[in-house]
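Remarks on the structure that follows.
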Amino acid sequence: MPPPTIRVVVAEDDPLAQLAIESYVARVDDIEIVGSAPDGAPALELVRTLRPDVLLTDIHMPQMTGVELIRRVFTLANPPRVLCFTVLGDEHTMRTALEAGASGFLLKVDPPDMLIHGIRSAYHGDALVSPRLLATVLRQFQRHAQPPSDLGDTELELVRLVGRGLDNAEIAEAVFLAPSTVKTYVSRLLKKTGSRSRAQLAAKAHEWGLVDN
């Protein structure tokens, strides 16, 4: 049985970038762009009416920014997953968008295959962060904060593996648990650490010094 088609709305103000995204997505059978808009406000309306699985959004747009769009999307019932796709990334922007609910961050200089992987990861509830962006963010974490004292050793290991970018199946193989069990544990960790997404939990893993830089 073929995988379900992932329905995507794109918020992108650069026509060339929009064409590139459409070209990348046209290469695969399991992703379909169902709508696109050049700014946050019309993109929000498309999300309301089309109810996509994933919103792919730029951060820097002329009227409503990507971060504000993410905030408004998460006031809707059953919001889509959100993947940021931007030219420039920095710690403040990444943190702000993570707190708003974004599931991943990619840069427009990343390989096209990474965009496809990022959309699929977001759809399945996993997180994908551009290696270039992650390297920039990690340089900010020279002084590690301490993880919460109520996290046990097993929980810290799961947070570490999420921080390494592993999905549930890969984590399950590493810790000898069923993928469904890992999914349950990670969901509990999101609530326990106050993380709104796997990407935010991954950022905390680095901030707490659980992942080797």
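The values are calculated or read from the model by the stated rules, or taken from the named source; none is laboratory data. Here the structure is a predicted model, which means the values were calculated and not measured. Note that each Cβ is placed from the backbone with ideal geometry, even for glycine, and that neighbours are counted across all protein chains shown. What goes into the accessible areas is simple: the full protein's heavy atoms, side chains included, and nothing from ligands, DNA or RNA. Shrake-Rupley method; radii C 1.70, N 1.55, O 1.52, S 1.80 Å.
So which residues in the range 52-63 are over 17 Å from the mean Cα position of the chain (by Cα) and open to solvent by less than 20 Å² (accessible area, probe 1.4 Å)?
The answer is Met61, and nothing else.
Given (1) touching a strand residue (DSSP E or B) at 6+ places or on another chain (Cβ under 7 Å); (2) at pLDDT 95 or above; (3) in a helix (DSSP H, G or I); (4) surrounded by fewer than 23 Cβ atoms within 10 Å (Cβ to Cβ), where does Glu45 come up short, assuming only one miss?
The number of the failed condition is (1).
Give the range 175-184 a look and list any residue that's under 19 Å from Leu128 (Cα atoms) and surrounded by fewer than 21 Cβ atoms within 10 Å (Cβ to Cβ), or say none.
Passing the criteria: Pro179, Lys183.
Among the candidates Leu107, Leu98, single out the residue that is under 17 Å from the mean Cα position of the chain (by Cα), without any contact (Cβ under 8 Å) to a residue 60 or more places away in the chain and either under 19 Å from Ser130 (Cα atoms) or open to solvent by less than 30 Å² (accessible area, probe 1.4 Å) (or both).
Leu107
For Ala203, state whether it is at pLDDT below 90, open to solvent by less than 80 Å² (accessible area, probe 1.4 Å), aliphatic (A, V, I, L, M) and closer than 21 Å to Val82 by Cβ.
yes
Can you tell which of Val137, Val175, Val109 is at pLDDT below 90, of a type in the set (Val, Ile, Thr), farther than 29 Å from Val28 by Cβ and out of contact with any Phe, Trp or Tyr (no Cβ under 7 Å at 6 or more places or on another chain)?
Exactly one of Val137, Val175, Val109 is at pLDDT below 90, of a type in the set (Val, Ile, Thr), farther than 29 Å from Val28 by Cβ and out of contact with any Phe, Trp or Tyr (no Cβ under 7 Å at 6 or more places or on another chain), namely Val175.
Inside the range 1-24, can you point out the residues that are assigned to a loop (DSSP other than H, G, I, E, B) and surrounded by 23 or more Cβ atoms within 10 Å (Cβ to Cβ)? Show your work before the answer.
Filtering the range 1-24 for residues assigned to a loop (DSSP other than H, G, I, E, B) gives 1-5, 12-14.
Residue satisfying the conditions is Glu12 alone.
In the list Leu83, Leu69, Leu88, which residue meets the criterion of being in a strand (DSSP E or B) and closer than 21 Å to Ala127 by Cβ? Write out each step before concluding.
Working: Leu69 fails: in a strand (DSSP E or B); Leu88 fails: in a strand (DSSP E or B).
Step by step, each of Leu83, Leu69, Leu88 is checked, and only Leu83 is in a strand (DSSP E or B) and closer than 21 Å to Ala127 by Cβ.
Take the residues of the range 48-66 that are outside any helix (DSSP H, G or I) and hydroxyl-bearing (Ser, Thr, Tyr): which is nearest to Asp30 (Cα to Cα)?
Within the range 48-66, the match that is nearest to Asp30 (Cα to Cα) is Thr57.
Report whether or not Ile116 is β-branched (Val, Ile, Thr), buried (at least 16 other Cβ atoms within 10 Å of the Cβ), assigned to a helix (DSSP H, G or I) and at pLDDT 85 or above.
Yes.
Is it the case that Phe74 is under 18 Å from Arg132 (Cα atoms) and either of a type in the set (A, V, I, L, M) or open to solvent by 10 Å² or more (accessible area, probe 1.4 Å) (or both)?
Judged against the criteria, Phe74 is not a match.
Are any residues in the range 83-94 open to solvent by less than 60 Å² (accessible area, probe 1.4 Å) and more than 20 Å from Pro112 (Cβ to Cβ), and if so, which ones? Step through it out loud before you land on a result.
Kept after step one, since they are open to solvent by less than 60 Å² (accessible area, probe 1.4 Å), are these residues of the range 83-94: 83-86, 89, 91, 93-94.
Within the range 83-94, Glu91, Thr93, Met94 meet the criteria.
Has the range 104-113 got any residue that is out of contact with any strand residue (DSSP E or B) (no Cβ under 6 Å at 6 or more places or on another chain) and closer than 25 Å to Val159 by Cα? Lay out the reasoning, then the answer.
Step one: list which residues in the range 104-113 are out of contact with any strand residue (DSSP E or B) (no Cβ under 6 Å at 6 or more places or on another chain), which gives 107-113.
Pick out the ones that are also closer than 25 Å to Val159 by Cα and you get 107.
Checked the range 104-113: at least one residue is out of contact with any strand residue (DSSP E or B) (no Cβ under 6 Å at 6 or more places or on another chain) and closer than 25 Å to Val159 by Cα.
Are there helices (runs of 4 or more DSSP H) fully within the range 157-213 with at least 1 residues that are among the charged types (D, E, K, R) and touching a residue at least 12 places away in the same chain (Cβ under 8 Å)? List them. Lay out the reasoning, then the answer.
Values: elements: 168-175, 179-192, 198-207.
Counting at least 1 such residues, we get 179-192, 198-207.
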